[in-house]
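I have placed the structure first, in the form of structure tokens, so that the comments after it can refer back to it.
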Amino acid sequence: MSIRIASWNIEGRLSPYATHGRGTPDKIVDEIERLDADVVILPEAYDKSIGINARIEGRIANIGYEHIYDVEYQSGGPVRTYSAVDEPYLRIMSKLAFNRTETIRPGDLRNMPVVTVTDPDTGKMVQIVGVHFEDRSEALRLREVGDLVELANSSKTELIIQGDMNAMYGQSSRARFMRSGFMKQVSQVIPSDVLSDIVSRASDMATGTTLDTFASKTALTDADPRHQYTATPRLRGSEFFPSIPFIDLDHSLHSPGIVVKDFGVGRRDSGSDHRPITLEASITK
């Protein structure tokens, strides 16, 4: 037996944010049910000002997610002009009882939830950090990583850090292209301020230092050695773009006492610009 942990940035779509028939709250819950994970991490789960319909919360409970921990981002630092969700919450929901919950604020930039659950097979505990790193700059992400490195190196239990890290592995050909001079020029000539901002930030996400810091300063291992693409350009408000994953922004990092049995990336557009990632793991230590 193993624990199945999924994460999926849903652009706030547990709130009624659907456009062009994509990503209604019901369709999002349908996909969560299909993932059949024990623990689900949802960056940008919903918008504080809009909330979640009681019927949708009922559906979530009915498929087994009775344990829920919500954390409001309360983002600090410089503010960019475009945001998919005005007042986002990051949610962790679980079919397994929480042994402990807490909120951390890496780099004093965004709140993030931490939960501890027990592997039903081994009786061992695992600490799970649900993350959505800053998308405004690599410098801000490195502030967050510094605190998470300390957490990883001091944790007394096995640890999984999973979610939308807004960071790519810098050595890949796609990352090198995204941070090329050509793409920087493209970002400057695009007539749309929003699209120009998106291209500029994507280029910055391709720097690679965020994930390199984890690799060099902790014993954490990426559950996906292939670094599969997880994010598409088809954001809410840009539905005319193709729903084709083209950059690797979502990752799952784990400590040495965790054995990865399977790792997968969703293969279909389920209503968000990100595809869900799923880790199936056993806690052995």
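The values are calculated or read from the model by the stated rules, or taken from the named source; none is laboratory data. Everything numeric here is computed off the predicted structure, so don't read it as measured data. Please note: Cβ atoms are built from the backbone with ideal geometry, for glycine as well, and neighbour counts cover all protein chains shown.
Out of all the residues in segment 72-89, is one or more more than 15 Å from the chain's Cα centre (by Cα), at pLDDT 95 or above and not small (Gly, Ala, Ser)? Full working, then the answer.
First, pick out the residues of segment 72-89 that are more than 15 Å from the chain's Cα centre (by Cα): 74-83, 86-87.
Remaining after also requiring at pLDDT 95 or above: none.
The answer is no; no qualifying residue exists.
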**Message:** Being crowded, with 22+ Cβ neighbours inside 10 Å and either of a type outside the set (Ser, Thr, Tyr) or closer than 30 Å to Ala139 by Cα (or both) narrows it down to one residue among Ile63, Ile68, Ile92; which is it?
**Reply:** Ile92
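In the list Ala45, Ala97, Ala84, Ala37, which residue meets the criterion of being over 19 Å from Arg275 (Cβ atoms), touching a strand residue (DSSP E or B) at 6+ places or on another chain (Cβ under 9 Å) and of a type in the set (A, V, I, L, M, F, W, C)?
Working: Ala45 fails: over 19 Å from Arg275 (Cβ atoms); Ala84 fails: over 19 Å from Arg275 (Cβ atoms); Ala37 fails: over 19 Å from Arg275 (Cβ atoms).
Only one candidate qualifies: Ala97.
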**Item:** Single unsatisfied condition, Glu31 versus (1) of a type outside the set (Lys, Arg); (2) farther than 30 Å from Ser137 by Cα; (3) in contact with a strand residue (DSSP E or B) (Cβ under 9 Å, 6 or more places away or on another chain); (4) touching a residue at least 40 places away in the same chain (Cβ under 8 Å)
**Value:** (3)
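Can you find a residue in segment 2-23 that is in a helix (DSSP H, G or I) and out of contact with any Phe, Trp or Tyr (no Cβ under 6 Å at 6 or more places or on another chain)? Working first, answer last.
Start the filter on segment 2-23 by keeping residues that are in a helix (DSSP H, G or I), which leaves none.
Checked against the condition, which is being in a helix (DSSP H, G or I) and out of contact with any Phe, Trp or Tyr (no Cβ under 6 Å at 6 or more places or on another chain), segment 2-23 yields no hits at all.
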**Request:** Determine which member of the set Ala84, Ala152, Ala97 is aliphatic (A, V, I, L, M) and in contact with a His (Cβ under 8 Å, 6 or more places away or on another chain).
**Result:** Ala97
**Qualifying positions in segment 140-151 - under 13 Å from Ile104 (Cα atoms) and crowded, with 21+ Cβ neighbours inside 10 Å** = Glu144, Val145, Leu148
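What's the total number of residues in segment 129-179 that are in a loop (DSSP other than H, G, I, E, B) and either aromatic (Phe, Trp, Tyr) or without any contact (Cβ under 8 Å) to a residue 24 or more places away in the chain (or both)? Write out each step before concluding.
The first filter runs over segment 129-179 and keeps only residues in a loop (DSSP other than H, G, I, E, B), leaving 133-137, 155-157, 165-172, 179.
Next cut, either aromatic (Phe, Trp, Tyr) or without any contact (Cβ under 8 Å) to a residue 24 or more places away in the chain (or both) only: 133, 156, 169.
Residues that pass the stated criteria total 3.
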